[in-house]
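Notes for the one structure printed next.
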Amino acid sequence: MSPRTPVRHVVSLVPSLTDAVAATAPELLAGVTDWCTHPPGLGAERIGGTKNPDTARIAALAPDLVIANEEENRAPDLDALRAAGLTVLVTEVRTLDQAFGELDRVLVRGCGLPRPGWLEEAEAAWADVTPTGPVRRAVVPVWRRPWMVLGRDTFAGDVLARLGVGHLYSGHDERYPRIPLDELTARGADLVVLPDEPYRFTAEDGPEAFPGLPAALVSGRHLTWYGPSLAEAPAVLNAALSSAR
């Protein structure tokens, strides 16, 4: 969408992008998903989940733009929104550099907004990030029952790599493979990284499955979201990873 087209109402189907729009021009948000938890107190209408949005309700809101993501949202839902005559902007984010580019595309080119200062701050925060010491080898679960881990071509994997943490399934054929726990514990990892989303790992739920292995409990918003949280993510994640030594 050209920035010459006025955008006054936006529906966001992605929590990260909701956070980004809310930090830049909150008045644009007409609808958000049930999973859009940040910032707290969003006044926009809730339109269902990321995987099961109420497409009829979204169409009734008549947004100028719907923002989505190719991984988080389902193609049939996006096709239904297009069939209803809505403009749908779909992002693809597999690396940190892609995240910065897509945020610019959504906010500046899509919504016609000035480039936000927080995006400049986020790029600056990552510009000088250099791993110190040897690369640590990690298992990074994102779900249990069944156990699922980071695989190839993931945004979170690229973020960790920039912080000096290589995950053991980065070369797997799948992006989020299911791996039996006995295999995860036998791979010779240096640590296990446990985010609090999409599965909410805690000190009481997760580390006990990896006895003898240092566990880093990390903020899922800082590991997996691409938005304003990127500005503080290097410091927040480094602190959590350091505590697992």
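The values are calculated or read from the model by the stated rules, or taken from the named source; none is laboratory data. Every value quoted in this text rests on a predicted model; they were computed, and no experiment measured them. Don't worry about glycine lacking a Cβ; one is built from the backbone with ideal geometry, like all the others, and counts go over all protein chains shown.
Filter region 87-101 down to the residues that are in contact (Cβ under 8 Å) with a residue 60 or more places away in the chain and closer than 20 Å to Gly31 by Cα, then identify the one that is surrounded by the most Cβ atoms within 10 Å (Cβ to Cβ).
Across region 87-101, the extreme among qualifying residues is Thr91.
In this structure, does Asp79 turn out to be surrounded by fewer than 13 Cβ atoms within 10 Å (Cβ to Cβ) and within 23 Å of Ser219 (Cα to Cα)?
In short, no.
Looking only at residues in region 200-218 that are surrounded by 18 or more Cβ atoms within 10 Å (Cβ to Cβ) and assigned to a loop (DSSP other than H, G, I, E, B), which one is nearest to the chain's Cα centre (by Cα)?
Checked region 200-218; the qualifying residue nearest to the chain's Cα centre (by Cα) is Phe201.
For region 31-41, check the following and say yes or no: at least one residue is without any contact (Cβ under 8 Å) to a residue 12 or more places away in the chain, outside the structural domain of Thr224 (by TED's automatic domain parsing), surrounded by fewer than 21 Cβ atoms within 10 Å (Cβ to Cβ) and not in a helix (DSSP H, G or I).
Checked region 31-41: at least one residue is without any contact (Cβ under 8 Å) to a residue 12 or more places away in the chain, outside the structural domain of Thr224 (by TED's automatic domain parsing), surrounded by fewer than 21 Cβ atoms within 10 Å (Cβ to Cβ) and not in a helix (DSSP H, G or I).
Looking at the structure I just gave you, is Val192 under 18 Å from His222 (Cβ atoms), at pLDDT 95 or above and not assigned by TED's automatic domain parsing to the domain that holds Ala30?
Spelling it out, Val192 is indeed under 18 Å from His222 (Cβ atoms), at pLDDT 95 or above and not assigned by TED's automatic domain parsing to the domain that holds Ala30.
Of the residues that make up region 164-172, is at least one outside any strand (DSSP E or B) and surrounded by fewer than 15 Cβ atoms within 10 Å (Cβ to Cβ)?
yes
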